[in-house]
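One structure is given here, and the rest of the page talks about it.
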Amino acid sequence: MVFDSALLRPMFPILAQTAYEHPLIYLDNAATTQKPLAVLDAIQTYYRTGNANVHRGAHFLSDRATSHFENARTVVAEFLKAPEQSHVIWTKGATEAINMVAYGLEHVLEKGDEILITSLEHHANLVPWQQLAFRTGARLRVVPLTSSGEWEEEFAHYFTDRTRIFAATHISNAIGCTTPLSTMLALAKQQGAFTLVDGAQAVAHYPVDVSELDCDFYVFSGHKMYGPTGIGVLYGKQHALEVLMPYQTGGEMVRHVSYQATEFNVLPFRLEAGTPNIEGAIGLAAACDFLSEQNRPALLAWEQSLANHVYTRLKKYGGIDLYSPEKNTTLVSFSVPNIHVIDLNAYLDSQGIAVRAGSHCAHPLMAQLGVTGTLRASFACYNTLEEADRFCDALFDAMEILGDD
Amino acid sequence: MTDPLQAADIKQRLQECRSKEETFKALVTLSKTLPRLSADDKTDANKVKGCESAVWLITDDCQGIRHIKADSDAKLMRGVLVALISLVAGKTLPDIQNMDLKAELAELNLSSYLTSSRTNGILAILDRLQQP
Ligand SMILES: Cc1ncc(COP(=O)(O)O)c(C=O)c1O
């Protein structure tokens, strides 16, 4: 099964550009991916032929918009293997989804309860829990990594009868490793904790089955999986979503309002106050369709082979500290002793190569790894082997130029 | 100590850069002329907040003239520091305070290096240069 990324490239017109007179090489896909024509077309078509507010007017366009919008929810539910489309709540992105849960569960926490996260978390899956702990007197605890970046062998004892919430990333954005979710989720469930998985880095690459994962909540952003910005998803089990206090109130989420009281609407509307991001939902559904039409195992194998190719070349070159795993990851994260990652980044940029340098919104993780930041090259289905090689060559040139004193 | 001629020279060199790569190389070359600070000088008080890389800056007014020592853990930033220091070299604090440093910086053709997140840091550096 040979996969040819060149066949996909015409679907991503943005990639045909030059940057500073070099062919643009986009390796910052973990930050956001580019969008295929199918997604751009879906958004255009919505505005050209179907724009109206949803769930409100009883007229031709409103019915059309509502049906496209609710169909998008069904597409996403199928994409996640969620049992019910009403378990899919639209959000702005992963960050908003996590905040909705962190606010929504405030009323179940008591002083001394524990919120457990892992060392790998993006600030988006850390700060909302920390602030929730501050508000409620709960304690934020962290399943740590060892200094070599492995999980501690014995992490079961972090899951206690006080653990009320366990929130973990599916895949680390900073170093690309996978969380041992099935073990951790089982431990959390034994303690009766609510469980949330941050799938922001997973959905573009890995098939996700929320029913099999059996977590209470799963969140992600559309823009990291070929969809538009400003749209994301909070998936939840029925009972878990029902426990959530709506963190925003207003129109759409109500059934009946008087000056004395408000009766909230049913799921999913109860958690979706205001006019939703209709174009975003439609664009995200198009992105799900785009992915579903691909040979996903072949895409993943390709992305992993690019990361492994770069990993191998960097390792062979020497003098580079690698933080991402050698295999089974779609990104490479590293630093070069005595050369600042922003200097490396600047040279790569001057060659038209887009990567990410910095702490990747994971200050505590960087502190544990003993670095201020790393350089991250992250791959998507449209990247080519030639791009991976150009990246390595340019990096070695940069090390040469920058490393001479 | 740098004299104004050198400032003109630096400005010319940077203005002659025709690509991002040339500017990169020019900054690397400039960075090599910056005397590094000792570990003792790299205190928290001397650190300029808001820069993407760590930057330390020390001013010392001696017989009216402002002397500046600075360092960074990033090489391009050291190149930028050399250029900035050249702008104010040999001047008194009131002279420096009367300068439009932002405008002078804009003439150095560095805009592609001073991206939004880094600009904050640069402004903090300019601020330090003009502070008593
Ligand atoms: C693992 C992880 N979680 C959460 C987020 C936040 O996503 P967003 O900024 O789209 O809400 C990101 C984005 O960088 C991420 O990589």
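The values are calculated or read from the model by the stated rules, or taken from the named source; none is laboratory data. Just so we're clear, the structure is a prediction, and the values are computed from it rather than from any experiment. Cβ sites come from the backbone with ideal geometry, for glycine too, and all protein chains shown count toward neighbours.
At a glance:
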quantity	calculated
All positions within segment A:87-115 that are more than 16 Å from the ligand (Cβ to nearest atom), in contact with a helix residue (DSSP H, G or I) (Cβ under 8 Å, 6 or more places away or on another chain) and in a helix (DSSP H, G or I)	A:His87, A:Gly104, A:Glu106, A:Val108
Any chance A:Pro268 is surrounded by 17 or more Cβ atoms within 10 Å (Cβ to Cβ) and under 30 Å from A:Glu303 (Cβ atoms)	no
Evaluation of B:Glu107 against (1) touching a Ser or Thr at 6+ places or on another chain (Cβ under 7 Å); (2) surrounded by fewer than 21 Cβ atoms within 10 Å (Cβ to Cβ) (one fails), failing number	(1)
Any hit, segment B:29-51, residues being more than 14 Å from every other protein chain (Cβ to nearest Cβ) and either β-branched (Val, Ile, Thr) or under 12 Å from the mean Cα position of the chain (by Cα) (or both)	yes
Matching residues in segment A:123-149 - criterion: being in a strand (DSSP E or B) and within 16 Å of the ligand (Cβ to nearest atom)	A:Val142, A:Val143, A:Leu145
Those residues of segment A:10-48 which are more than 16 Å from the ligand (Cβ to nearest atom), at pLDDT 95 or above and assigned to a loop (DSSP other than H, G, I, E, B), in sequence order	A:Phe12, A:Gln17, A:Leu24, A:Pro36
Selection within segment A:203-222 - among the polar types (S, T, N, Q) and within 14 Å of the ligand (Cβ to nearest atom)	A:Ser221
Test: residue in segment A:322-341 that is within 14 Å of chain B (Cβ to nearest Cβ), crowded, with 21+ Cβ neighbours inside 10 Å and outside any strand (DSSP E or B)	yes
Pairs, first within 14 Å of another protein chain (Cβ to nearest Cβ) in segment A:8-21, second surrounded by 13 or more Cβ atoms within 10 Å (Cβ to Cβ), C-beta under 7 Å, six or more apart	A:Thr18/A:Leu24; A:Thr18/A:Gly352; A:Ala19/A:Gly352; A:Tyr20/A:Ser350; A:Tyr20/A:Gly352; A:Tyr20/B:Ser19; A:Tyr20/B:Lys20; A:Glu21/B:Ser19
Check on A:Pro276, under 25 Å from A:Ile165 (Cβ atoms), touching a strand residue (DSSP E or B) at 6+ places or on another chain (Cβ under 7 Å) and not basic (Lys, Arg)	no
Failed item in (1) within 16 Å of the ligand (Cβ to nearest atom); (2) without any contact (Cβ under 8 Å) to a residue 40 or more places away in the chain, with A:Thr183 passing the rest	(1)
Selection within segment A:365-405 - within 14 Å of another protein chain (Cβ to nearest Cβ) and assigned to a loop (DSSP other than H, G, I, E, B)	A:Val371, A:Thr372, A:Gly373, A:Gly403, A:Asp404, A:Asp405
Candidates A:Ala174, A:Ala167, A:Ala200, A:Ala188, filtered to the one that is away from the ligand (no atom under 11 Å from the Cβ), crowded, with 24+ Cβ neighbours inside 10 Å and closer than 17 Å to A:Asn125 by Cβ	A:Ala188
Selection count, segment B:57-81, where residues are under 30 Å from A:Leu348 (Cβ atoms) and away from every other protein chain (no Cβ under 14 Å)	2
